[in-house]
């Protein structure tokens with residue numbers, strides 16, 4: 001680990017050593033043993049300080065116990081530093097840290113400037129010793145927090161001055177703060193046009209491995225659907241009945257663009273998407289995510305492939321935690337058209353965006369083929385509010401907001 005040293009106040013030590021040495025020699029020449037002893041003691045003190053501060057901090061190393069921390073907003077955890085000192089002891093020092101403000105340190109000695117927390121932590125370590133330094137943190141807002149600066153300040157033992165050691169390597173730790181998740185009480189409808197694993201009474205498909213009973217035979221039933229044992233028992237033909245199932249895969253689409261570029265609207269959108277992901281995870285629904293943020297992957301936008309369960313949910317939360325209004329963005333409609341051309345759209349689509357005429361026209365067109373749910377911000381005078389989600393049934397069991 002490489003440190004850059006900044007030495008302050010050494011000039012007066014060197015000047016003091018020269019002066020006391022000259023005075024010691026004069027006292028010795030003029031046979032003044034008491035003065036010579038005093039000047040010798042002062043010279044020894046200054047020489048010791050000069051030697052000590054030429055060596056201090058040169059063998060200090062540290063590592064972090066964890067490479068990544070994860071927080072919910074309001075949660076508390078500790079950042080653990082493991083320091084090792086292979087050189088001379090360090091006394092009465094101060095460790096200065098600068099941390100981005102997605103997390104807030106629970107420390108009284110802190111200052112806040114332009115999205116950065118600066119905090120001071122007392123520090124001391126003996127020779128050839130290892131210590132553990134714990135810094136309590138609290139999740140403050142969605143985002144990623146990194147340590148931007150580490151400085152170890154060691155003051156002089158006697159007089160003014162200090163040695164500043166600044167770490168000139170990046171600190172490899174991130175603190176991820178997940179977005180706020182609210183429980184949803186609504187229901188994501190599924191379409192009956194694709195086979196799948198989810199129960200839906202109006203589905204055109206049935207799971208032949210899940211029989212649910214029999215019914216009277218009708219002429220349109222296939223021969224292989226006849227239940228012969230039940231027919232013999234009932235003395236009339238009986239047809240097997242199976243569980244009706246359909247595909248319930250969902251894609252969650254997030255529009256990062258804002259009309260007025262207001263961060264609060266973006267945070268509400270991200271929280272909405274996180275809540276939909278939580279709903280899908282709790283109901284065991286496979287889902288994918290697409291966000292109109294520019295990437296250099298195989299797709300020009302951020303895309304999380306279809307998945308299910310806790311792993312998919314955590315991956316979604318981590319991706320949402322890393323989103324920033326500073327990222328380059330694509331037109332939302334361009335991403336939607338690209339998704340459709342690549343065949344990545346399932347039958348159920350959830351769009352989280354602000355309202356626009358082009359988007360409304362696209363939703364109206366898609367509602368003929370898919371179940372579309374538009375969760376939009378609409379303007380009303382000078383106020384903006386979240387539009388209540390509405391599922392207006394059409395002949396194709398699709399839905400979209402009126403107006």
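Report the gain in length on full extension from residue 184 to residue 77: 0.36 nm times residue separation, minus Cα-Cα distance, nm rounded to one decimal.
Length gained, residue 184 through residue 77: 35.8 nm.
Quote the FRET efficiency, to the nearest 0.05, computed for residue 47 versus residue 106 with a Förster distance R0 of 41 Å and r equal to the Cβ-Cβ distance.
The value I calculate is 0.45.
Tell me, what does the Kirkwood hydrodynamic radius of the stretch 261-321 come to in angstroms if you use every pair of distinct C-alpha atoms?
About 12.2 Å for the stretch 261-321.
Need the full-extension length gain, residue 368 to residue 324, defined as separation in residues times 0.36 nm minus the C-alpha distance. One decimal, nm.
Separation in residues times 0.36 nm, less the Cα-Cα distance, equals 12.4 nm.
Rounded to the nearest 0.05, what FRET efficiency is calculated for residue 282 and residue 340 with R0 set to 25 Å and r the Cβ-Cβ distance?
In this case the efficiency is close to 0.30.
If each Cα of the stretch 326-374 is one equal point scatterer, what is log10 of I(q)/I(0) from the Debye formula at q = 0.17, 0.26, 0.28 Å⁻¹?
-0.51, -1.14, -1.28
How far apart, in nm, are two points set 7 Å out from the Cα along the Cα-to-Cβ line at residue 310 and at residue 92?
Computed distance between label sites residue 310 and residue 92 equals 5.1 nm.
Counting pairwise Cα distances across the stretch 66-111, what percent come out greater than 16 angstrom?
55
On average over all directions, what projected area in square nanometres does the stretch 60-177 have, based on the convex hull of its Cα atoms?
Result: 7.4 nm².
Can you compute the equivalent ellipsoid semi-axes for the stretch 250-386, i.e. the square root of 5 times each eigenvalue of the Cα gyration tensor, sorted largest first and rounded to whole Å? Provide the component values of the computation, followed by the final result.
Values: eigenvalues 89, 64, 50 Å².
Largest first, the stretch 250-386 gives 21, 18, 16 Å.
Would you work out the relative contact order for the stretch 250-386, in percent, from Cα pairs under 8 angstrom that are 6 or more residues apart?
With pairs under 8 Å counted, the relative contact order is 27 percent.
On a full-extension model of 0.36 nm per residue, what is the gain between residue 29 and residue 265, subtracting their alpha-carbon distance, rounded to one decimal in nm?
Working: separation 236, 0.36 × 236 = 84.96 nm, distance 8.27 nm.
Gain on extension, residue 29 to residue 265, equals 76.7 nm.
What distance in nm separates the simple spin-label points at residue 54 and residue 162, each placed 7 Å from Cα in the Cβ direction?
2.4
Evaluate the relative contact order of the stretch 1-147 (contact order divided by residue number), counting alpha-carbon pairs under 8 angstrom at least 6 apart; express in whole percent.
Here the relative contact order equals 23 percent.
Rule-based calculations on the coordinates, nothing more; no lab input. Predicted model, so just to flag it, every value in this text is computed and none were measured. Every residue, glycine as well, gets a Cβ built from its backbone with ideal geometry; the counts of neighbours run over all protein chains shown.
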